[in-house]
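Just so you know, all these numbers are worked out from the coordinates, no wet-lab data involved. Computed from a predicted structure; not experimentally measured. Glycine gets a Cβ as well: all are built from the backbone with ideal geometry, and neighbour counts include every protein chain shown.
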Amino acid sequence: MVTWSGVGCLRLEAVRVLLGERGLRATGSMVSCQQEDIEAYSAAYTLTTDETGVVQRLTVRTTRAAGEQAVTVTRSEEGIWLVDHGHGAVRTNFGGALDVDLQFSPLFNALPVRRLNLHRLATKHELAMVFVSLPSLEVNRVAQTYRTISLGDPAVVSLSSDSYESELTVDSDGLVLEYPGLARRS
């Protein structure tokens, strides 16, 4: 079991992670107090990747004052993504994305770190990501760059996008220890 505590906000994430060489299976939950422009919510998710670390399926369920909702995001072996909010699946390729990023969750940053061995090899990768917003469960494609800053235990990996940059500290398994301004392992 791995847990993270929010930084600057009352937020907690707990997840049971089963690690393979690069792939993983995870079942987790999050709870967050109200933030400036985001209402309080709870979320539960299940995540499965293949043995190379490519996402196969993510299901997220949220609960907030307005009610409950869910989304399932599934990737076929051919690279076609299906997004289903419970009203029938919509097909897209999300620009060749292999990873999913669930907003506010440090677990999901481990996906590209582990798949690309960024905690063991000094490399840089520009990636298309499937981004799931919390608590709305909107699903979009975003561009993110992951770059190794330093190797070791812990390693440091830079995460950047058009408007954001942070340096993640990760353990020998590629799981986040600290995500400045967001969360730290507890």
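Over all pairs of different C-alpha atoms in the chain, the reciprocal of the mean inverse distance, the Kirkwood hydrodynamic radius, equals 16.5 Å.
With neighbours defined as other Cβ atoms within 10 Å of a residue's Cβ, the residues MET1, MET129 order from fewest to most as MET1, MET129.
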